[in-house]
Every structure is written in C-alpha cells, then in structure tokens.
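Beneath this line is the structure, given in structure tokens, with notes to follow.
Values quoted throughout were computed directly from the atomic coordinates according to the rules given, and no laboratory measurement underlies them. Quick caveat, the model's predicted, so the values are computed rather than measured. Backbone-built Cβ (ideal geometry, glycine too); neighbour counts: all protein chains shown.
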C-alpha cells in the first residue's frame, strides 16, 4: 500500500492519476486551493478504493507555508512513497508581456513554488532513502516560443532543477520523474481550440503511473511528443526565430 | 467549438456556446437566457443541442460521493459515465438496475431521458430506481428531489430532457449479481408472429430480452431476426473487464456507407450467420449489453449528413398490426439500418412525467439522413404510429411535429410549468413551435 502525496490535487491530470492510485488501495494526502473540490475528491477516492485520504487547502504561492504543509502530510501518511507535483497555471502570454508583475507571478506559480517544494521534499526523501518525486512539467519547457515563453521558461527551470535533483538523488534510492505532457484537454486549456494532438487526462495519468512503475527519468505524454520536441529543438536558432510558434 | 458538441446522429448541426462546470458547488452562469446541460452526447437528435444558446458540459462532474456496498446504494455526480460505475460496482457484486445499449452515457443523461433497457418488462426505466437527486436551478436554488421531497420536480425531471434545471448528483439503487457473466440464448426466428410468441414465452423466465430484426426482409419473412434472452449467471466470477481492444471509425466518410445494397447484404449475412435455430452460451456482460461499444464513433458510418433514429413504442393492443405495417413500409423503402431492434416493454410505470416507454412494443432503427427520402418515409411511419396511438422517443428524435409531441406526451404542460425559465433546447423550441 503506497503512501502518496499529491500537490495541486484538483488539477485534471492529478485527479485522473489519484483515481488510478485509489484503485490500488493507496493512502493519500491532497493539497490544493479549492477546499470544496478537495472534499469532493476525498469522498470520490475513498469510494474508488483509497485506504485513507486527508487534505489541506492552501495557495501554493505561499511558499512560507510549504514546510507546514509537508509536515501535515507526513503526520497523516507516516512516510512518502510517491509525491506528485501537479499544480500550475497556463499563463496569458500577451497579458504577461504588458506586466512585469504578472510575468513574475506566473514564474512564481509555475517554477519557484515547485522549486520550494522540491527543495524540502528532496531532503525528506534523501533521508528516507526511498520514494518517487514525480513532477508535471511540460513540453513547453523544451524551447521558448513566442506564443508561450513565460510558461515555457518557468517549466524549463523546473526541468533543469529536476535534472540536477535526479543526479543527486539517484544515488540515494530516490526516483525523480520529469513528466512532459503535450496538449491536454482540461479546464486549464478550455479556451484553446482542440485538434488531433490533444490527449485526455486519463491517458496522461496512465502514462504517469507507467513512468513511476518502470522507474523512468523523463516521460513525454503521449509518447509522440518526444519526437515532435526533438525536431523543434533541432531547428537552428536563425530559422527558429523567424517561425510563428 | 461548434463541432465538439454534437448529438450522436450528427444531425442537426448547430452553432452554440459551451462552458464546463468544474465542481458540483459551482452555480450556473447568471444572466444566460438559454442554457442546457450536456452529458456525453449520446442523444441522437436535437434534445441535447441548444442552437444559438449555451450548453453546460458536465463531464468534470464525475466524482463518486458514496457507495453503500451492503445495500447497493450509490450516490455520484451527474457527469459520471455508466461505464465508470460498472468498473467500481461489478467487482463488489452489483450491477446497474437498468442499462441502455451503450455504457457511455452519463447518470444525468440516463435520468433526463429516463432510459430503458432489455429488462424493461421486469425493471421499468432507470428513473424507477432513482432515490434522490439535486437539481440546480439557474437562480442558484438547489432542490433535493425524491419521491417525498419536491415531488413535482422529481417527476418532471425524470424524462424531463434536462429542462427543469441541472441534475448535479443522483442516488440510485443497484441490483445484486453473483457473477459478471450472462447466461444467454440466441434464437433465430422466421417471422413477426414468432417474435411475439417468443417474447410472451421468454418474459416470464428471462430478466432480459430483445430482438435484432432484419429490416430488409419482406412478405412471409417480415420481422425475422434473432431473439436474444438472458439472465445474470450464478457462477463465473465478478470482473468488470475494460474492453480488451476497441476500434474507432477514424473519419467521417464522404458518403454514407449505409445504402440499400450494403443493407441487404449485411442484414442477410447477419441473419444467416447463426446456422442453428438456437445457441446457448455464457459470456461476459459486455458482449450481452454493449455489443456495439467496442467500435468507437460508430455514428460516423452514415457520412457527413449524419443519421436519424426512429424509435417508437406501440401500445400492446395495436402492437402486432402496427409493427407489421411499419416494418412493411420500411422494407419497401429500401432504407433502414444494419441493426434494427424490437423489444416488448412491460407495464411498470415510471415516476417521470414524460417517460417514453409504455406497455407495448418498441422498435428502433437508424436511417441515413437523406433529407427528402427520410422525411417522406417518416411521414408514412408517423401516420401509422398516430393511428395506433404510439409515441416517439424524444432522445432519438429530430423530426416529430409539435402537435405529435403534445398528443404523445399529455403531461408536457406540467413540465413546461416547472421548466427552468433560463433553460431551453433545440428540441424543446421545435416541439413548442417557439
């Protein structure tokens, strides 16, 4: 029976993943902003087979509360076998371009708050000598694009941070999994027009669990994004800068 | 995003706005004069559409709330699919009290259309098993409806086509099973008389029964088909297997793949594929209840114009004659579908005011949407139906006149009174001639 901490638990991908973990009889602790949604998730996960479920509601931008939040999780679960970090916002790129405050706010939500959590969690799992740190980044972090570079650069920071953590923690029995979904049909992307590259959160969730079960380092979800991003990364900068992406 | 929210028949095609509710405590948008809840889009015609209005997508309202595994009482949010419920409850020895021919419908949709299944003669409609639900009105009021609370809204919402407000969650009673397998028998029969004889004989001993009919057969063979009957098995384990594999019709072909030639070939082959007059076997409930669910997006085979389903129920006294007339008209038209379905319904009343089934015989089949030919045939069928005092199923309909609707559903006025002033649908405006 795994002890699972899910941060950003009311995001669509986190909900799908937590349901799969509930079916396995996991013990879970949820962290998110919306208290009524967390309560609804708790009931849902218990019906689906979770052994026990606790939650705390907080705004993850309040980094000074992260320590207290992790203490609550450990008090409830006893240990941490799997931690999934899934919170984030999809930045409004144009609005960010007109506002330093908004840009830094997006960087804080999508990068700094994750870095804060990871700093604390890395030490916890290192001391424990086991566990999985699974973090939802994005294909957007692979290369900055004109239409989405605030979000993309935040995710790029998370990617580099995770790569370093993996390097440090792999010797201590801790798995660090970087999850890079492409386009996912969730409330976060409700405003965007959908095409054939779009996946649903359940597909992404299955990929996350497979990545955890198989001890992977980096997973692109669905798999074909690895090749799409490979091509995008290989476009020379003098060509790339002329493209509308 | 006009393409995403279409009905199963892909007809009519309409322009409408959409929003998603993300938790069950959210209210509906204020000041929106025309909205309609949208489940999983398995209604065939225009009852799930709201042209030039708003559809409120309920797919994220998919939490379970509670499950009493001793009593089989389940409470869940209205956007949850029956397929997800089966995955939870079958391994614990429970099954849906009533299921339609696809498991990809939402709980809210099952109530709003008061769906029925192969066990109508012993179990009635889905609405018969609903204990309670919460109805969210556009003014933010939340009504807890049951046979003892807000009784009028309870009755108007079951089969109420989503017009009385949005069902947020519902509680209903499951049925006990000791196995996920079905003991089933498929009997090849030659004529419509045999169908009625088999039905009368089977409905005493079998919880589930229906027939697939060769809609191209004429003369003495009219109404021939395969009669399927079954019961939940007593042994064999409790597995809610997910479909091991599924196919999807990947694109909408430029023309309908269903025409008089393919119809005749398919129906004849399907009829003749079973050599013996009767085949008994035991198999998983998936193949018994949901034989078509493994082909995803099956609705695309009718091409870009989509299709319309004609589902009617004819009262018992007139059943045999009227069904014979209807099948004769269809077989002479050369139109019809690969799978036409006949089923004798029982006399269990639904609590719903506008519930479709009534004691008699229901016939359902699809027609490629070829505007003039389909309309001409439907006109003939409607005349037979009116003379026999039958009715059409709003969940499948895109053609019935307001006059016909009002005469088939005499309680429409009461539903009109309880309808949410800010809710509407393409279907409703059509039959109310607004």
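Just a few scattered comments:
- Rounded to the nearest 5, the antiparallel percentage of DSSP beta bridges internal to the protein assembly as shown is 60%.
- When Rg and Dmax are taken over the Cα atoms of chain A, they come to 17.5, 55 Å.
- Contour excess over end-to-end distance, with Cα ends at residue B:407 and residue B:15 and 0.36 nm allotted per residue: 138.1 nm
- Calculated mean residue ellipticity at 222 nm for chain B: -7500 deg cm²/dmol, from DSSP H runs with n ≥ 4 weighted as -39500 (n - 2.57), summed, divided by the residue count and rounded to 500.
- Whole-number D in µm² s⁻¹ for region B:247-291, Kirkwood Cα-pair radius fed into Stokes-Einstein, 10 °C, 1.306 mPa s: 115 µm²/s
- On a per residue basis, the convex hull of the C-alpha atoms belonging to region B:121-243 measures out at 183 Å³.
- Least to most buried among A:35, B:77, B:207 (fewest other Cβ within 10 Å first): A:35, B:207, B:77
- Largest-first principal axis extents, alpha carbons of region B:225-274, Å: 45, 29, 13
- Cut-off 16 Å, label 7 Å out along Cα→Cβ of residue A:145, residues of region A:81-121 by amide N: A:90-94
- Under Stokes-Einstein, with the Kirkwood radius over Cα pairs as Rh, the value for region B:13-134 at 4 °C and 1.567 mPa s is 84 µm²/s.
- With the simple spin-label model, which puts each label point 7 Å out from Cα in the Cβ direction, the residue B:201 to residue A:243 separation comes to 6.9 nm.
- Order of B:396, B:188, A:233, A:180 under a 10 Å beta carbon neighbour criterion, fewest first: A:233, B:188, A:180, B:396
- Rg followed by Dmax, in Å, when region A:29-171 is reduced to its Cα trace: 16.3, 48
- Region B:149-193 gives an Rg/Rh value of 1.25, both radii derived from C-alpha positions and Rh following Kirkwood.
- Most mobile of B:334, B:360, B:165 in a GNM of chain B (Cα contacts under 10 Å): B:334
- Per residue of A:6-16, other chain Cβ atoms within 10 Å of the residue Cβ number 1 on average.
- Chain B, Rg to Rh (Cα coordinates; Rh as Kirkwood inverse mean 1/r): 0.94
- Peptides B:304-312, A:206-214 ordered by average Cβ neighbours within 10 Å, highest first: B:304-312, A:206-214
- Compactness ratio for region A:27-67: Cα radius of gyration over 2.2 N^0.38 Å (N = residue count) comes to 1.24.
- Between region A:74-151 and region B:386-410, the alpha-carbon center distance in angstrom: 56 Å
- Considering only B:205, B:181, B:57, the Gaussian network model of chain B with Cα springs below 10 Å gives its largest mean-square fluctuation to B:205.
- Translational diffusion coefficient (Stokes-Einstein; Kirkwood radius from C-alpha pairs) of the protein assembly as shown at 20 °C, 1.002 mPa s, in µm²/s: 79 µm²/s
- Angstrom value of the Kirkwood radius, inverse mean 1/r, which spans all Cα pairs in region B:310-414: 14.1 Å
- Across region B:215-259, the residues whose backbone nitrogen lies under 17 Å from the label position 7 Å along the beta-carbon direction of residue B:272 are B:215-218, B:221-222, B:224-226.
- Helix A:201-213 and the longest principal axis of the C-alpha atoms of chain A enclose an angle of approximately 70°.
- Measuring spread by the Cα atoms of region B:101-192 yields a radius of gyration and Dmax of 16.4, 56 Å.
- Here region B:1-74 yields Rg over Rh of 1.08, to two decimals, using C-alpha coordinates and the Kirkwood radius.
- Cα-projected label distance for residue B:383 with residue A:62, points at 7 Å along beta-carbon direction, nm: 7.4 nm
- Under a Gaussian network description of chain B, with springs only between Cα atoms under 10 Å, the residue in B:361, B:235, B:164 that fluctuates furthest is B:235.
- Available extension along the chain between residue B:375 and residue B:247 is 42.9 nm, counting 0.36 nm per residue and deducting the alpha carbon span.
- Over chain A, dividing the summed -39,500 (n - 2.57) contributions of all DSSP H runs of at least 4 residues by the number of residues returns a 222 nm mean residue ellipticity of -14500 deg cm²/dmol.
- Residue B:25/residue B:131 FRET efficiency (R0 22 Å; Cβ-Cβ; nearest 0.05): 0.55
- The modelled label-to-label distance for the pair residue A:226/residue A:190, using points 7 Å beyond Cα in the direction of Cβ, is 3.4 nm.
- Additional length obtainable on full extension of the chain from residue B:218 to residue B:66, 0.36 nm per residue less Cα span: 49.5 nm
- Inter-centroid distance (Cα atoms) of region B:34-66 relative to region B:333-357, Å: 23 Å
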